[in-house]
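Contents: one structure, followed by commentary.
The values are calculated or read from the model by the stated rules, or taken from the named source; none is laboratory data. Source: prediction; values computed, not measured. Every residue, glycine as well, gets a Cβ built from its backbone with ideal geometry; the counts of neighbours run over all protein chains shown. Quick note on the areas: whole protein, heavy atoms, side chains included, nothing else; ligands and nucleic acids left out. Shrake-Rupley method; radii C 1.70, N 1.55, O 1.52, S 1.80 Å.
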Amino acid sequence: MGDNLMPKIKTPAKYDNESISSLKGADRVRLRPAVIFGSDGLEGCQHSFFEILSNSIDEAREGFGSKIIITRYQDNSIEVEDFGRGVPVDYNKNEQRYNWELVYCELYAGGKYNNLSGENYEYSLGLNGLGACATQYSSEYMDVTVYRDNTKYSLHFEKGENIGGLKKENYDGKRTGTITRWRPDREVFTDIAIPLEYYLDVLKKQAVVNAGLKFILKNQVGSTFETYEFIYENGIIDYVNELASEEPLTPVKFFEAERRGRDRADKPEYKVKMQVAFCFSNKLSICEYYHNSSWLEHGGSPDKAVKSAFVSSIDSYIKSVNKYTKNESKITFQDVADSLVLVTNSFSTQTSYENQTKKAINNKFIQEAMTEFLKHQLEVYFIENKADADKIADQVLINKRSRESAEKARINIKKKLSGNIDISNRVQKFVDCRSKDPSKRELYIVEGDSALGSCKLGRDAEFQAIIPVRGKILNCLKADYDKIFKNDIITDLIKVLGCGVEIKTKSNKEFDFFDLSQLRYNKVIICTDADVDGFQIRTLILTMLYRLVPSLITNGYVYIAESPLYEIIIKGKSYFAYNDREKAEILDKHKGEKITVNRSKGLGENDPDMMWLTTMNPETRRLIKVLPDDVKKTEYMFDLLLGDNLQGRKDHIAENGFKFLELADIS
């Protein structure tokens, strides 16, 4: 007898007071690197390098060391060497611990918390006491060598843990500084292969905003090292000159100032140093923002200040010299930025970064101080340099008007193309087909909703679309454009065609373009009843096409679907006659047989199979291509029969009316 197996019931996990735990030591970074570095991928690994680099930059900015050497090894390890004072790593009486423990093993510990009092690092990249420790925690190994106080200090870490404590040797040399070599840990980051391009980009940016500081990059290739050097003696001035080297529109201007203030009344006062270098160019557009040497990828306060100040100042100048045309809209920052080459380099003793990745700052006072400062400087610049001001104003207006023209063109193109997107939802009772190939698609213009139903059921939905004409449409030869473009039947049909119209008028705001290549159909087929009303509706549709899109007729896109006049049933089989002559031929051919002759019904009364067989099947239908062989004659007949020439129409009827008495509805 087989075992009686019962499904195993999962025991719920216990969740009580002992379920709560905290990460300790290196695990605070190793298990959650994205919290500190913004990512556990390559971007986070890159940021861990920048944390070590920024400590060396802060030392150099304080006046200790004039160069920093960065080495990129083939095994993805990194070395940063500076010539500053050297990280204090010996015993700290105040904290009663060794400083190396605080710097490399303790988050939120460092020497940059008292910058408001001017003790150390007045303007520093590092603020939070996280960088060196977080990078050490996230490394596979880290070796730190410090030269200071006539001593060489050595530290070794592996996966966040110190191995061997602090080692000290006497050192008689003159150099001071810190050498840090480490390899990011693959257990922490998903990718540690920082590309050469990243180092080149970061070091160039840091050279730009740290005037006179030399960055040397050594890149290991096999057994040799490629060397790159970056130094800008005049900082952002040299950089903007380099960017705009090809004949800038205006010379490079440099503004610099210091301000003191606070973000809120109850917050401490702090100091801000602002540097701005810019010029205008009709070939280049670059805006870069830096704060305490960190590149602000997302801008923040400096970006907002630049936008506000430049738009306000240039707009005021344009108004003062009457360069705006009547009713012209105001310039935007996009119009300014299209020709602006600008770099800002700001420093503050108190900085509110959006997060540890330092890609934007949000200090309210920095924004306000920089805005006021730039507005004043630009006002003075425009007064003292009218020729430059005129060039700037003219170029910004060119950018603005070009943008507006491009936007108008974009909207027109969007109108042309938007018909391809869900037009069936925007045109009442329009039934689209599946195919998107204009060379295969056909549009049936049918008479009324009843014909729509029959055609919809009888068509090939792959390539045949249908739009009904509700009632008799407007006579487009007698109506003015204002009435034409307010007529829903006509505007719906134009939307469906997709090519616009060939007339220019203020009444036509939605379809003020024509592009035959945007026509969505290879055949436009007019399908109406074979009676007087049907003929009139057909004529009015042709008139509309002739007046608004005559190229459809002249290029052979317009067809008339012939509807049979008679259905002749012989031995259960249906024959269709499209005129009396064909009817007579069929009857003569089947003399002596039982024959039933039915006058053809309206399209809406036909069953789907008959619609397909007589009107829609490409193999059996009869289409008449509308071709105006004699354009002048066609124009004359349209105008005579449907235009404003009333006396000419009376004369024509008097001369030719007798030929059509049997068709006339005069009962």
Jot down the radius of gyration and Dmax of segment 274-412, Cα atoms only, both in angstrom.
-> 16.1, 52
Put a dot 7 Å past each Cα toward the Cβ at Glu655 and Asn617; how far apart are the dots in nm?
-> 4.5
If you work out Cα extents along the principal axes in Å from the coordinates, which of (1) 96, 55, 45; (2) 105, 60, 47; (3) 131, 105, 56 do you get?
-> (3)
Determine how large the accessible area of His590 is when every protein chain is in place; take a 1.4 Å probe and give Å² rounded to the nearest 10.
-> 30
Dipole of segment 245-313 (Lys/Arg Cβ +1, Asp/Glu Cβ -1, origin at the Cα centre): which of Cys287, Gly300, Val272 lies farthest to the positive side?
-> Val272
Between Phe333 and Leu627, what is the FRET efficiency for a Förster distance of 51 Å, r being their Cβ-Cβ separation, to the nearest 0.05?
-> 0.35
Can you give the accessible area of Asp588, probe radius 1.4 Å, in Å² rounded to 10?
-> 90
Reach of Lys253 by Cα under 12 Å, taken over aspartates and glutamates that are not fewer than 8 positions away in the same chain | Asp238, Asp388
Which whole-number percent of Cα pairs in segment 52-104 have a distance greater than 19 Å?
-> 43
Please tell me the relative contact order of segment 127-177 in percent, rounded to the nearest whole number, where contacts are Cα pairs under 8 Å and at least six residues apart.
-> 32
Once Lys and Arg are counted +1 and Asp and Glu -1 for all other residues with Cβ under 12 Å from that of Leu203, the total becomes +3
Theoretical ellipticity at 222 nm over the chain - DSSP helices of four or more residues, -39500 (n - 2.57) apiece, nearest 500 = -10500 deg cm²/dmol
Quick one: if you stick a label point 7 Å off each Cα along the C-beta vector at Glu197 and Thr596, how many nm between them?
-> 7.9
Too long for a 28 Å Cα-Cα cut-off, among Lys273/Lys304; Lys214/Lys304; Lys486/Lys659, are Lys214/Lys304; Lys486/Lys659
Leading residue at positive end of dipole, segment 149-273 (Cβ point charges), from Leu217, Phe157, Ile192 = Phe157
Write down the accessible area per residue of the chain in Å², having rolled a 1.4 Å probe over the full set of protein chains.
-> 52
Work out how much length Ser245 to Glu502 would gain on full extension: take 0.36 nm times their residue separation and subtract the Cα-Cα distance, in nm to one decimal.
-> 87.7 nm
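List, in the order given, every pair from Lys271/Lys375; Lys323/Lys495; Lys323/Lys408; Lys283/Lys386; Lys271/Lys359; Lys93/Lys152 whose Cα-Cα distance in the structure shown is over 29 Å. Each step should come with its number before you reach the end.
On the way: Lys271/Lys375 20 Å; Lys323/Lys495 40 Å; Lys323/Lys408 22 Å; Lys283/Lys386 22 Å; Lys271/Lys359 21 Å; Lys93/Lys152 20 Å.
Exceeds cut-off: Lys323/Lys495.
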Return a whole-number percent for the relative contact order of the chain, with Cα pairs under 8 Å and 6 or more residues apart as the contact set.
-> 8
In degrees, nearest ten, helix 364-384 long axis to first principal axis of the chain (Cα) | 80
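Accessible area of the chain with a 1.4 Å probe: how many percent of it is carbon plus sulfur?
48
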With a 10 Å radius around each residue's Cβ, average the other Cβ atoms per peptide and rank 369-375, 198-204, highest first.
-> 369-375, 198-204
If one takes the longest principal axis of the Cα atoms in the chain, at what angle in degrees, from 0 to 90 and to the nearest 10, does the Cα axis of helix 42-61 lie?
-> 40
Give me the angle, in degrees from 0 to 90, between the Cα long axis of helix 631-642 and the longest principal axis of the Cα atoms of the chain, rounded to the nearest 10.
-> 70
Given 170-181, 545-556, 287-298, the highest-first ranking by average Cβ count within 10 Å works out to 287-298, 545-556, 170-181
